[in-house]
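Colleague: Quick one: the structure is below, questions incoming.
The values are calculated or read from the model by the stated rules, or taken from the named source; none is laboratory data. In this text the structure is predicted, and so the values were computed from the model without any measurement. As a convention, Cβ positions derive from the backbone with ideal geometry for all residues, glycine included, and neighbour counts pool all protein chains shown. We work out accessible area using only protein heavy atoms, side chains counted, and drop any ligands, DNA or RNA first. Shrake-Rupley method; radii C 1.70, N 1.55, O 1.52, S 1.80 Å.
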Amino acid sequence: MQSVEVNKTVTCIICPKGCQIDVKLVDGNIESIKNYGCKRGIEYAKNEVLDPRRTLTTTLKLADGRMLPVKTKEPIPKKLLKRAMVELKDVTVSPPVKIGDVVVSNVVGTGIDIVATGNAEKK
């Protein structure tokens with residue numbers, strides 16, 4: 001059986017340098033990482049290639065018709081972003097809500113909560 005080799009270039013966002021890090025994968029495992037400017041870049045490239053994650057930011061409906069800005073408490077797997085949006089599309093939150101309050105627990109089974117990034121008082 002022949003090995004599968006994939007080369008990826010990742011733009012590091014850890015610092016303003018924006019290093020273009022080259023990652024070589026063989027059969028889904030990292031074989032080499034080159035062109036990084038620091039050790040933090042190595043970790044970033046590993047995570048971005050093997051398990052890319054993003055913080056989801058969006059808004060949810062409040063019971064009184066206003067909108068509440070929210071985000072995931074931690075980044076979730078990038079491949080789950082659309083599923084999370086579908087899960088959240090019909091959620092309605094009842095005020096009062098304070099910044100940091102958990103408004104949805106365990107989004108798409110990740111164990112990660114959706115928290116308010118704004119306040120909403122009762123009208």
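Colleague: Exactly one condition in (1) without any contact (Cβ under 8 Å) to a residue 60 or more places away in the chain; (2) of a type in the set (Val, Ile, Thr); (3) closer than 28 Å to Val10 by Cα; (4) open to solvent by 60 Å² or more (accessible area, probe 1.4 Å) is not met by Thr58; state its number.
Modeller: Among (1) without any contact (Cβ under 8 Å) to a residue 60 or more places away in the chain; (2) of a type in the set (Val, Ile, Thr); (3) closer than 28 Å to Val10 by Cα; (4) open to solvent by 60 Å² or more (accessible area, probe 1.4 Å), the lone unmet condition for Thr58 is (4).
Colleague: Give me the strands (runs of 3 or more DSSP E) completely within the range 1-113, filtered to those with at least 3 residues that are over 30 Å from Lys123 (Cα atoms) and at pLDDT 95 or above, ordered by residue number.
Modeller: In the range 1-113, 5-11, 20-26, 29-34 are the strands (runs of 3 or more DSSP E) which contain 3 or more residues that are over 30 Å from Lys123 (Cα atoms) and at pLDDT 95 or above.
Rundown of residues vs (1) open to solvent by 60 Å² or more (accessible area, probe 1.4 Å); (2) without any contact (Cβ under 8 Å) to a residue 40 or more places away in the chain; (3) of a type outside the set (Lys, Arg); (4) more than 30 Å from Val6 (Cβ to Cβ), yes/no style:
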residue	(1), (2), (3), (4)
Asn29	yes, yes, yes, no
Lys34	yes, yes, no, no
Asn47	yes, yes, yes, no
Arg54	yes, yes, no, no
Ile76	no, yes, yes, no
Met85	yes, yes, yes, no
Ile112	no, no, yes, no
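Colleague: Here is a list: Gly65, Gly18, Gly41, Gly28. Which entry is over 30 Å from Ala116 (Cβ atoms) and more than 21 Å from the chain's Cα centre (by Cα)?
Modeller: Gly28
Colleague: Here is a list: Gly18, Gly100. Which entry is touching a strand residue (DSSP E or B) at 6+ places or on another chain (Cβ under 6 Å), open to solvent by less than 60 Å² (accessible area, probe 1.4 Å) and either among the aromatic types (Phe, Trp, Tyr) or free of Cβ contacts under 8 Å to residues at least 12 places away in the same chain (or both)?
Modeller: Only one candidate passes the filter, namely Gly18.
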